[in-house]
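**Student:** First the structure, which I've put down as structure tokens, then a few questions once you've had a look.
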Amino acid sequence: MVVIMAPEATESDVEVIVEMVQGVGGKAFVSRGVSRTIVGLVGDVEEFGALNLRSRPGVLDVVRISVPYKLISREHHSARSVIEVGGVPIGPDHLTVIAGPCAVETPEQTLTAARMARAAGASLLRGGAFKPRTSPYAYQGLGEAGLKILADVRAETGLPVVTEVIDPAHVDMVASYADMLQVGTRNMQNFALLQAVGAATKPVLLKRGMSSTIQEWLMAAEYIAQRGNLDIVLCERGIRTFETATRNTLDISAVPVAQRLSHLPVIVDPSHSGGRRELVLPLTRAAIAAGADGLIIDIHPEPKMALCDGDQALVDSDLAEIARIGAELSALMGRVLTPAPDASPARVPSAL
Ligand code: PEP
Ligand code: MN
């Protein structure tokens, strides 16, 4: 059972609900999002019914939900959610592009990639400081030093930062630099990490596990929501199949399926799906046409020198085309390409 609080509900309205539920031996999990607060109830549904919670101040609705993912399901909230990342919206009226290097390598590389991201129509900057690599010998990222570079580049370019967190113990530290916390495909069922980002106050980008079903992906999102954070964006990034011609198989059907089942926005990663630069533009077109709410795209100033995933990075000559596709196809789909925030007036971009 889920209690949906009205937008004007106060903290004490929420507390009253929690106390009433606990009073009959139930558990109440409060989840807060940009536009609403939801209380998930666990316990005896008959007892909860007798509390007549619907008549309490601040309560908009009380619903019984049949699917196992409750807080993120569309059963209780038919309108699709808009998630804000540093003031940039991701949701049904927009196409929001996140772009940047796979990994933060140097300040110059990150700043150049951020400027390229802007030229490609991106409104958010991606870049990994903690890299979850398949090989322990591969580049693992700069750690906190990389986060500092991202924060400097944000100050310079105005682009809010999306970056991966791989360890529950790092969540507060990463959240102190980032505007959005990415949970990667390899960690989609790292339940301790999901719970830790669920307790954070920054939105979360949850990539689909490369071997996970859509239902498992939604249950992973429910872990985050159940710990209190409803600001979640789902990302389809390709799954493992028998096919070896691509790095992963982009499961384009996952976009409309997840959007029907959950109110959360769904974006697509055409870079990690295809794994090769020449596939990124076609997969981007497919994602927008399938109704994706956004894209996350790898860009690198010098892919041959990249320490991670150079083969799939877009280069200078691709930027105008990706910006054109973003603007024209999103208009065809009835969306607006999300504009990038203004560059910080405090700092005039230098010529690095
Ligand atoms: C990434 O975005 O850099 C990344 C590691 O992606 P994934 O988790 O989808 O492999
Ligand atoms: Mn990568």
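**Student:** Using r as the Cβ-Cβ distance of ALA145 and GLU321, and R0 as 45 Å, what FRET efficiency do you calculate, to the nearest 0.05?
**Tutor:** The calculated FRET efficiency here is 0.85.
**Student:** Let me ask you something else. Please compute one quarter of the surface area of the Cα convex hull for the stretch 225-352 and express it in square nanometres.
**Tutor:** 11.0 nm²
**Student:** Hand me the trypsin sites (Lys or Arg not before Pro) from the stretch 171-242 located in a DSSP loop with no more than 16 other Cβ atoms within 10 Å, in residue order please.
**Tutor:** Of the trypsin sites (Lys or Arg not before Pro), the ones in loops of the stretch 171-242 whose Cβ has at most 16 other Cβ atoms within 10 Å are ARG240.
**Student:** Need the list of lysines near LYS207 for cross-linking: C-alpha distance under 23 angstrom, and skip anything on the same chain fewer than eight residues off.
**Tutor:** Counting by Cα, and skipping residues close in sequence, LYS207 has these lysines nearby: LYS70, LYS131.
**Student:** Summarise the accessible area of the stretch 244-352 (1.4 Å probe, protein heavy atoms) by the percent that is carbon and sulfur.
**Tutor:** Working: 2970 of 4990 Å².
In the stretch 244-352, the share of accessible area belonging to carbon and sulfur is 60 percent.
**Student:** Can I ask one more? Can you pull out the GluC sites (Glu not before Pro) in the stretch 216-286 whose DSSP state is coil and whose Cβ has at most 11 other Cβ atoms within 10 Å?
**Tutor:** Within the stretch 216-286, the qualifying GluC sites (Glu not before Pro) (loop, at most 11 other Cβ atoms within 10 Å) are GLU243.
**Student:** Determine ³J(HN,Hα), in whole Hz, for all residues of the stretch 125-138 in sequence, where each value follows from phi through the Karplus function 6.51 cos²θ - 1.76 cosθ + 1.60 and θ = phi - 60°; x replaces Gly and Pro.
**Tutor:** Listing the rounded values in order: 9, 9, x, x, 9, 10, 9, x, 8, 4, 9, x, 8, 7 Hz.
**Student:** Turning to a different aspect of this structure: When Rg is the radius of gyration of the Cα atoms in the chain and Rh is its Kirkwood radius, what does Rg/Rh come to?
**Tutor:** Taking Rh as the inverse mean 1/r over Cα pairs, Rg/Rh reads 0.99.
**Student:** Summarise the accessible area of the stretch 2-63 (1.4 Å probe, protein heavy atoms) by the percent that is carbon and sulfur.
**Tutor:** That share works out to 51 percent.
**Student:** Could you compute the FRET efficiency for THR244 and SER12, with r as their C-beta to C-beta distance and R0 at 41 Å, rounded to 0.05?
**Tutor:** On the way: r = 58 Å, r/R0 = 1.42.
Given R0 = 41 Å and the Cβ-Cβ separation, E is 0.10.
**Student:** Give the aspartates and glutamates reachable from LYS27 as a straight Cα distance under 19 Å; neighbours fewer than 8 places away on the same chain don't count.
**Tutor:** In chain and number order, the partners are GLU11, ASP13, GLU15, GLU19, ASP44, GLU46, GLU47, ASP61, GLU222.
**Student:** Hey, can you grab everything whose amide H is under 5 Å from the amide H of ASP61? Only 5+ residues off in sequence or another chain; H modelled, so Pro and N-termini drop out.
**Tutor:** Counting only residues 5 or more places away or on other chains, the set is ILE4.
**Student:** Heavy-atom accessible area per residue, the chain, 1.4 Å probe: how many Å²?
**Tutor:** Per residue, the chain has an accessible area of 41 Å².
**Student:** Output the relative contact order of the chain, whole-number percent, from Cα pairs under 8 angstrom with separation of 6+ residues.
**Tutor:** Computed over the chain, the figure is 19 percent.
**Student:** Taking every DSSP beta bridge that has both residues in the chain, what percent is antiparallel when rounded to the nearest 5? Please report the intermediate quantities before stating the final value.
**Tutor:** On the way: 18 of 47 bridges.
In the chain, DSSP labels about 40 percent of beta bridges as antiparallel.
**Student:** I would also like to ask the following. Divide by every residue of the chain the summed helix terms, -39500 (n - 2.57) for each DSSP H run of at least 4, and state the resulting mean residue ellipticity at 222 nm, rounded to the nearest 500 deg cm²/dmol.
**Tutor:** Working: 11 runs with 117 residues, N = 352.
It comes out at -10000 deg cm²/dmol, rounded to the nearest 500.
The values are calculated or read from the model by the stated rules, or taken from the named source; none is laboratory data. It should be emphasised that the depicted structure is a prediction, and the values quoted were computed from it without experimental measurement. Cβ coordinates were reconstructed from backbone atoms using ideal geometry, including for glycine residues, and neighbour counts include every protein chain displayed. The protein model used for the area step is the full one, side chains on, heavy atoms only, and it has no ligands, DNA or RNA in it. Shrake-Rupley method; radii C 1.70, N 1.55, O 1.52, S 1.80 Å.
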